[in-house]
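Visitor: After the structure tokens below, expect a handful of questions from me.
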Amino acid sequence: MVVICILFSIGLTGIFYSLYMIKEVKEVDMLLKVSDVVGLNTDSDAIKFGIVPPAGIGTRTFILKNDYEIPLKTYIEISGDIKPFIRLEDNYFWLNPGEQKEIKIYADVPKDAEFGEYKGKMRVLLKRK
């Protein structure tokens, strides 16, 4: 009986946290091609750096806006095989109601990077205080 109560309590805590603390989660695909030529990709369906040569840097900018009536703590995480190349200008900050922030993302390709396509995801987590 005690085990059932503990599991029930843990379950309720998880539900409360996910429904109350986490306001919104957004995921965006990311793509980088490493090659000995340079190319741009201006599609807006994902964060695409185009073709970046070894020892080169690709840059993209996006805007986050808080459309809620409460301040939100913003966390940005990168995953996938693109992750080692990615540098964010800021990945942990507060957004006040109505505030927007421009974020720069850099794809720093090391000089010894292998040619190929690197993919991943950017996950933006908006949390209440």
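The values are calculated or read from the model by the stated rules, or taken from the named source; none is laboratory data. Just so it is clear, the model here is predicted, and its values are computed rather than measured. Glycine also receives a Cβ, built like all others from the backbone with ideal geometry; neighbour counts cover every protein chain displayed.
Visitor: Name the one entry in ILE86, ILE51, ILE76 that is free of Cβ contacts under 8 Å to residues at least 24 places away in the same chain, among the hydrophobic types (A, V, I, L, M, F, W, C) and surrounded by 14 or more Cβ atoms within 10 Å (Cβ to Cβ).
Guide: From the options ILE86, ILE51, ILE76, the qualifying one is ILE51.
Visitor: Which residues, counting only those in region 55-94, are in a loop (DSSP other than H, G, I, E, B) and over 16 Å from ASP108 (Cα atoms)?
Guide: ASN66, ASP67, TYR68, GLU69, ILE70, PRO71, ASN91
Visitor: A further question follows. Only one of ILE57, ILE6, ILE47 is over 23 Å from the mean Cα position of the chain (by Cα), modelled with pLDDT of 60 or more and among the β-branched types (Val, Ile, Thr); which?
Guide: That would be ILE6, the only listed residue that is over 23 Å from the mean Cα position of the chain (by Cα), modelled with pLDDT of 60 or more and among the β-branched types (Val, Ile, Thr).
Visitor: Would you check which residues across region 102-126 are in a strand (DSSP E or B) and surrounded by 16 or more Cβ atoms within 10 Å (Cβ to Cβ) and list them?
Guide: Across region 102-126, the qualifying residues are ILE103, ILE105, ALA107, TYR118, GLY120, LYS121, MET122, VAL124, LEU125, LEU126.
The rows are residues; the columns are (1) touching a helix residue (DSSP H, G or I) at 6+ places or on another chain (Cβ under 8 Å); (2) charged (D, E, K, R); (3) modelled with pLDDT of 95 or more.
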{"site": "ASP81", "(1), (2), (3)": "no, yes, yes"}
{"site": "VAL109", "(1), (2), (3)": "yes, no, yes"}
{"site": "TYR118", "(1), (2), (3)": "yes, no, yes"}
{"site": "LEU125", "(1), (2), (3)": "no, no, no"}
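Visitor: Which residues, taken from region 19-43, are assigned to a loop (DSSP other than H, G, I, E, B) and modelled with pLDDT under 85? Give the derivation first.
Guide: Within region 19-43, the first condition is being assigned to a loop (DSSP other than H, G, I, E, B), and the residues that meet it are 35-38, 40-43.
Of everything in region 19-43, those that are assigned to a loop (DSSP other than H, G, I, E, B) and modelled with pLDDT under 85 turn out to be VAL37, VAL38, LEU40, ASN41, THR42, ASP43.
Visitor: Does ILE57 satisfy being surrounded by 15 or more Cβ atoms within 10 Å (Cβ to Cβ), β-branched (Val, Ile, Thr) and either touching a strand residue (DSSP E or B) at 6+ places or on another chain (Cβ under 8 Å) or under 22 Å from ASP29 (Cβ atoms) (or both)?
Guide: no
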